[in-house]
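Here the structure is laid out as structure tokens; the discussion comes afterwards.
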Amino acid sequence: MNDMIYKKRRDQLLEILDDGVAIVISAEQTIRSNDTEYPYRQSSDLYYLSGFEEDNAILLFLKSAKVSKTLLFVQPKDEAMELWTGKRLGIDAAGKRFDVNEVHGIESYAEILKELLKERTHLYLDLFSGDPRYDVAKGHCKSLIDDRSCKKSPRHYIDISEQIRTMRLIKDEHEIALIRSALAITEMAHHDAMRQVRAGMKEYSVQAGFEYIFKHNGAYSDAYTTIVAGGNNANTLHYISNRDTLVEGSLVLIDAGCEYGMYASDITRTFPVSGNFSQSQRELYEMILDVQLRIITEIRPGIVKKHLQECSELWLCEGLVELGIMRGEPKALIEAKSHKKYFPHGIGHWMGIDVHDPSPYVDEKGDELLFQAGMVLTIEPGIYIREDDGEVPERYRGIGIRIEDDILVTEAGCENLSIGIAKTVDEIEVMCVR
Ligand code: GLY
Ligand code: MN
Ligand code: MN
């Protein structure tokens, strides 16, 4: 594994640090039940800065007027443990793989950290994590304050996650290539579902098809739990029970994307179980698709996400009024927030190592961030009309539709990275031929 891309990111982080020590720690193992763990997944921030997939790892950054250096702490080799949990890289091999100044065994973290903290002014950590490995650092800072022989110690605690996540906003070529790879697998799975779905199938069996294609093609897993929501189930936004039977004449909403090489994809398609849209399904679908396409054409450097949110709310509301689903003047309906009943969520979110990348949407002053080339976000308008909604013409009741693509902001505007996944009524009906 080439460390160059990660070294570049570590150097970039060092650049923005003041005098101090920064700590970035690995994710912990998560217990599934009793002593059985979920498959391990590295913390996204540590991965971004190292590409290292092992548990029990810590990256330290030291910045002072005299020295800037990076230290990596890893699990040492241990044959007995490796028999159970698999090979570890170990200290020597980690020293060869990573272009860091020092590699140590994880057991020496506390001791070395204490030395590094002396005479520094800032401690950079994930301020909102309760991980005990940060408490070690805070404990050291306290004992340095109490130690009269120590003239200076960190009194400023800064949230390192915010800084790393700001860097994560702009994807480099390597990251974009991984998102494209994730999407190539996700595309196969969505197209396969359009071909295979039939009335009478269980939602979980459609989900199983996605998971098979993801894993079979080298994805680590789904990037989030797959939603397969037949008919009215689509009106539950995070429907993941997937236990119902798909019914002739209804739509199925599938929100599914794999994680490949630690990068997410996030795609929703809604298509007819029996292969053809009914008239009312088609009217609603085409309205939402038209809004989605118009929103995508708005994306370019210099705009802000709020603009996309406002346009989508207005245009969806206008569409609902035209279809007779809402009554009134669209701007007044939006003012009264009446449209939220049918479009209750945001138009999209940042995506990258996390499906909902935790990068900021506003700057330190609270102003919306201007879009820049290299940002990746989803665009996912949806309309949800419950089957028991007596205010809506009967023909639209029980329909929930969302259409979601993954968009890269480019210098010239944007690129829809998931353009290959069938989306128009014609494309879908061709894919769904029964
Ligand atoms: N799949 C989660 C989302 O669309 O945000
Ligand atoms: Mn999404
Ligand atoms: Mn989604």
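Brief remarks follow.
- One residue from E387, E368 being under 30 Å from E248 (Cβ atoms), in contact (Cβ under 8 Å) with a residue 24 or more places away in the chain, acidic (D, E) and open to solvent by 40 Å² or more (accessible area, probe 1.4 Å): E387
- Residue check for L308: farther than 15 Å from R402 by Cα and open to solvent by less than 10 Å² (accessible area, probe 1.4 Å): yes
- Candidates I295, I254 - the one that is open to solvent by less than 10 Å² (accessible area, probe 1.4 Å), in a helix (DSSP H, G or I) and within 16 Å of ligand 2 (Cβ to nearest atom): I295
- For segment 192-244, filtered to residues that are among the hydroxyl-bearing types (S, T, Y), closer than 30 Å to R180 by Cβ and within 16 Å of ligand 2 (Cβ to nearest atom), the residue that is nearest to the chain's Cα centre (by Cα) is Y224.
- Against the criterion of being away from ligand 3 (no atom under 16 Å from the Cβ), part of a loop (DSSP other than H, G, I, E, B) and at pLDDT below 95, E364 qualifies.
- Check on L113, under 20 Å from S50 (Cα atoms), of a type in the set (A, V, I, L, M, F, W, C) and in a helix (DSSP H, G or I): yes
- Complete set of residues in segment 397-424 that are out of contact with any helix residue (DSSP H, G or I) (no Cβ under 6 Å at 6 or more places or on another chain), in a loop (DSSP other than H, G, I, E, B) and of a type in the set (A, V, I, L, M, F, W, C): A412, I419
- Looking only at residues of segment 198-243 that are among the β-branched types (V, I, T) and assigned to a helix (DSSP H, G or I), we find that the one that is farthest from Y263 (Cα to Cα) is V206.
- All positions within segment 79-110 that are part of a helix (DSSP H, G or I) and charged (D, E, K, R): E79, E82, D92, K96, R97, E107
- Screening F52 against (1) loosely packed, with under 14 Cβ neighbours inside 10 Å; (2) under 17 Å from F98 (Cβ atoms); (3) among the aromatic types (F, W, Y) leaves a single unmet condition, (1).
- For segment 376-400, filtered to residues that are within 13 Å of ligand 3 (Cβ to nearest atom) and among the β-branched types (V, I, T), the residue that is nearest to H339 (Cα to Cα) is I379.
- Applying a threshold of 6 Å to beta carbon distances and a minimum spacing of six or more residues, or different chains, the list of pairs starting in segment 153-182 at a residue that is under 16 Å from L62 (Cα atoms) and ending at one that is among the aromatic types (F, W, Y) reads I158/Y124; I160/Y124.
- Any hit, segment 349-356, residues being at pLDDT below 95 and assigned to a loop (DSSP other than H, G, I, E, B): no
- Output for segment 99-137, where each listed residue is over 16 Å from V67 (Cβ atoms), modelled with pLDDT under 95, loosely packed, with under 15 Cβ neighbours inside 10 Å and of a type in the set (D, E, K, R): D135
The values are calculated or read from the model by the stated rules, or taken from the named source; none is laboratory data. Computed from a predicted model, the values in this text were never measured in an experiment. Don't worry about glycine lacking a Cβ; one is built from the backbone with ideal geometry, like all the others, and counts go over all protein chains shown. Quick note on the areas: whole protein, heavy atoms, side chains included, nothing else; ligands and nucleic acids left out. Shrake-Rupley method; radii C 1.70, N 1.55, O 1.52, S 1.80 Å.
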